[in-house]
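Single-structure report; data block below.
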Amino acid sequence: MAQGSETPVEQKIVVLHVVGREQAQFAGDDIHRALQASQLLYGMRDIYHRVAEVNGRPESVFSIANMLKPGNLDPEQAADLQTPGLVMFMVLPGPVDGNKAFHDMLQTAQDVANELGGVVLDDKRLPLTRQAAQYLIDEIAQLERRRRLADA
């Protein structure tokens, strides 16, 4: 195939936020406990990841960072950490099916929010409604369909 003739892969970045209620801050120790309880792994870029093994290699499905720059969530500095929230993000297509990855990310966001006494917000930092979540599910399903058609 001639260079540059491949069809570019359509990508989508999906973002959710978990923030404290009424602008409450999350404490670092509580954050790390909640993320570990959700079986997220600390690693690359000093943030947490949902990791899946793909073709014998660990791959990040989605990531969770401190919403404050530079985003680090180093467990060694947990005692000193106070933050208004966390940002969760994934790039599609990813290492696993986008629908499964989003449902896992959404459930994890809800679990972490419950554990920390927070709420889940969308990419515009508005409360994530069922309608907004369904819109994302539909959008991801369309992206997955287009990707499968392109691969056929």
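Numerical summary
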| item | result |
| --- | --- |
| Selection within region 30-81 - closer than 17 Å to E115 by Cα and loosely packed, with under 13 Cβ neighbours inside 10 Å | A37, Q39 |
| Breaking point among (1) buried (at least 17 other Cβ atoms within 10 Å of the Cβ); (2) of a type outside the set (F, W, Y); (3) under 30 Å from N55 (Cβ atoms); (4) modelled with pLDDT of 95 or more, for L121 | (3) |
| Test: residue in region 82-90 that is touching an Asp or Glu at 6+ places or on another chain (Cβ under 9 Å) and buried (at least 21 other Cβ atoms within 10 Å of the Cβ) | no |
| First in region 19-41 and at positive phi, second anywhere and surrounded by 13 or more Cβ atoms within 10 Å (Cβ to Cβ), Cβ under 7 Å, 6 or more apart | Q23/P84 |
| Selected residue (criterion: nearest to L73 (Cα to Cα)) from residues of region 33-59 that are touching a Pro at 6+ places or on another chain (Cβ under 7 Å) and aliphatic (A, V, I, L, M) | V51 |
| Filter result (touching a helix residue (DSSP H, G or I) at 6+ places or on another chain (Cβ under 6 Å) and in a helix (DSSP H, G or I)) within region 31-50 | H32, A34 |
| Long-range neighbours under 6 Å by Cβ, at least six apart or interchain, first residue touching a residue at least 24 places away in the same chain (Cβ under 8 Å) within region 59-86, second among the β-branched types (V, I, T) and in a loop (DSSP other than H, G, I, E, B) | V61/V96 |
| Any chance D122 is within 13 Å of the chain's Cα centre (by Cα) and of a type in the set (D, E) | yes |
| Residues that are closer than 21 Å to P127 by Cα and of a type in the set (S, T, Y), drawn from region 17-68 | S63 |
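The values are calculated or read from the model by the stated rules, or taken from the named source; none is laboratory data. Here the structure is a predicted model, which is why all the values come from computation and not from measurement. Don't worry about glycine lacking a Cβ; one is built from the backbone with ideal geometry, like all the others, and counts go over all protein chains shown.
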